[in-house]
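The next block holds one structure in the form of structure tokens; read it before the comments.
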Amino acid sequence: MAASSVNSMENNVTVKTEKLDATEIEQKIIELCEANPTGITDKIVQLQCPGLEAAKRAEAVNKLLSQGKIEILKQKNQLLYRLKDPEPEKLGKGTDREEKVVYQIVEEASNKGIWIRDIRMKSGLVLTQLNKILKNLESKKLIKAVKSVSASKKKVYMLYNLEPDRSITGGAWYSDQDFESEFVQVLNEQCYRFLQKKLVTARENLTDPLLRKNSSFSSSKEVWNFINELGISKVQLSVEDIETILNTLIYDGKVEKTVVAEKSDEKSSNMINLYRAVEPLVHSTGLMRMPCGTCPVMHNCHVGGAVSPATCQYFKEWLTVDFDEEGKG
């Protein structure tokens, strides 16, 4: 009886949705965009308009796009529909055609920005005229220039109110265009220490091999919580940032990763990344742990040469390491 009741409700919703004409569907999409300024997915439209045919939904979206009322953005491998601000309000009256063209090109680049060379190619403007327009738009606080970590001497332009993408700023790993290697190293060590401690705890408290292995896994969110509790980061780190650190440990052969479905009462397609510390099956020899064992120019190394044991900085650092203290840590 409960099942028939649910089916009855679904049928009622479907009948109601089918009565919507094209204008009402378009208005519904606009209302959803207004309620979610950052954008909505196609799935949200489907949930809010259950039973609406895909063809009618696509027709309404395409019409709104052609009218310039909404725009499509790509974020984290999914498309978003977002309400498009009226251009006259943003640019103001008296704006010439060239400024509008440049503004639209920068707007299309979203938070990843666009180089002046690409703006020049798309707009067809000469460099002197383009520079003048860019400075004018910057003075109106409509666009801004941001330095990219991938090319420090080049600037990319984006809308003034946008937060630059991680690929531009480098995320938490960069400060004033400089890579924070020491910060990354500290996070690397602490993440590994957390996983290693969980491995030891599982080994000491459990006898069943399978249960011991499963208990030694931690989700990236658990590691993230641990790092936050330590308070070693001055910047706000995301779970994605911690997964980047954990991936470096995987490449170093210190950690392994598995993916499982999220536990839920209902069927869920969400997946969780789990990580555990691993120990090498075969330990490397002493030769491979010293600089000479992994040196790419070892065959060119000889006394009196450009590369020699006497001038090897890696050898000097290795000889000054306190291995006893390192082992205790």
Does segment 130-171 hold any residues that are at pLDDT 80 or above and in a loop (DSSP other than H, G, I, E, B), and which are they?
140, 141, 142, 160, 161, 162, 163, 164, 165
Inspect segment 200-217 for any residue being of a type in the set (Ser, Thr, Tyr), crowded, with 17+ Cβ neighbours inside 10 Å, in contact (Cβ under 8 Å) with a residue 12 or more places away in the chain and not assigned by TED's automatic domain parsing to the domain that holds residue 146 and give the result as yes or no.
yes
Could you tell me whether any residue of segment 195-209 is closer than 30 Å to residue 37 by Cα and part of a helix (DSSP H, G or I)?
no
Residue under question is residue 134, and the condition is that it be more than 19 Å from residue 71 (Cβ to Cβ) and crowded, with 18+ Cβ neighbours inside 10 Å; does it hold?
yes
If you go through segment 92-106 one residue at a time, do you hit one that is outside any helix (DSSP H, G or I), aromatic (Phe, Trp, Tyr) and crowded, with 17+ Cβ neighbours inside 10 Å?
no
Can you pull out the residues in segment 107-122 that are in contact (Cβ under 8 Å) with a residue 24 or more places away in the chain and either in a helix (DSSP H, G or I) or farther than 19 Å from residue 136 by Cβ (or both)?
107, 110, 111, 112, 116, 119
Leading residue by the ranking (farthest from residue 111 (Cα to Cα)) among those in segment 156-186 that are in contact with a strand residue (DSSP E or B) (Cβ under 6 Å, 6 or more places away or on another chain) and surrounded by fewer than 17 Cβ atoms within 10 Å (Cβ to Cβ):
177
The conditions are (1) touching a Ser or Thr at 6+ places or on another chain (Cβ under 9 Å); (2) surrounded by 17 or more Cβ atoms within 10 Å (Cβ to Cβ); (3) within 22 Å of residue 71 (Cβ to Cβ), and residue 119 fails exactly one of them. Which is it?
(1)
Can you work out which of the residues in segment 253-278 that are of a type in the set (Lys, Arg) and either at pLDDT below 90 or part of a strand (DSSP E or B) (or both) is nearest to residue 186 (Cα to Cα)?
276
Only one of (1) surrounded by fewer than 18 Cβ atoms within 10 Å (Cβ to Cβ); (2) touching a Phe, Trp or Tyr at 6+ places or on another chain (Cβ under 8 Å) does not apply to residue 143, and that is (1)
Which of the residues that make up segment 227-252 are over 15 Å from the mean Cα position of the chain (by Cα), under 24 Å from residue 280 (Cβ atoms) and in a helix (DSSP H, G or I)?
248, 249, 250, 251
All but one of (1) charged (D, E, K, R); (2) touching a residue at least 12 places away in the same chain (Cβ under 8 Å); (3) in the same structural domain as residue 96 (by TED's automatic domain parsing) hold for residue 135, so report the exception by its number.
(2)
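The values are calculated or read from the model by the stated rules, or taken from the named source; none is laboratory data. All figures in this text were calculated on a predicted structure; none of them were measured in a lab. Methodologically, a virtual Cβ is constructed for each residue, glycine included, from the backbone with ideal geometry; neighbour enumeration extends over all protein chains shown.
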